[in-house]
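One structure is given here, and the rest of the page talks about it.
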Amino acid sequence: MLIGYLAFMIFMAFILALWEIQIEGKDGWAANSPGWRIEKGWPVKLAGGRPVTGYHFYMTIFMIVIVHLPVFFTQWTWQLECLLLGFYIGMMVTEDFLWFVLNPHFGIRNFRKGKIWWHKQWWGPVPALYWYLLPIAGILIFFGRTALDSI
């Protein structure tokens, strides 16, 4: 069951990355999006120094709601919430990486510090954010794994 769950998470990240490439093209982090953006203040600090865009704000809300779809079909528990949040975080980190790999304007060769302005801190070959979020996703999935039996 866990293997299927992780495979579905990667599949969703793949589809989301392709969708986002169609929306953003070569202009990552919605740089040329017609929507609103906040470029200064505490929201930017909270976003790791990246502008807060209307596109990313509403996409985040949409994805969190979609990921919580199982709540409508089974009883909510803390284990289920951990599983769903772990899925969301893992999917978003995977989607971010796949955006670069699949985007013809970037590719894996350009996935490095200095080439991607919105990933400001890097630890080794990947953005520092990945090092924070992937263990959090793993811990949440570990604590929520028993909820897979009830879905």
Top-ranked residue of region 34-73 - restricted to ones that are among the small types (Gly, Ala, Ser) and modelled with pLDDT under 90, ranked as farthest from the chain's Cα centre (by Cα): Gly49
Members of region 95-146 found to be under 24 Å from Gln79 (Cα atoms), within 15 Å of the chain's Cα centre (by Cα) and small (Gly, Ala, Ser), listed by number: Ala137, Gly138
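The values are calculated or read from the model by the stated rules, or taken from the named source; none is laboratory data. As the structure is a prediction and not an experimental result, all values here were calculated from the model.
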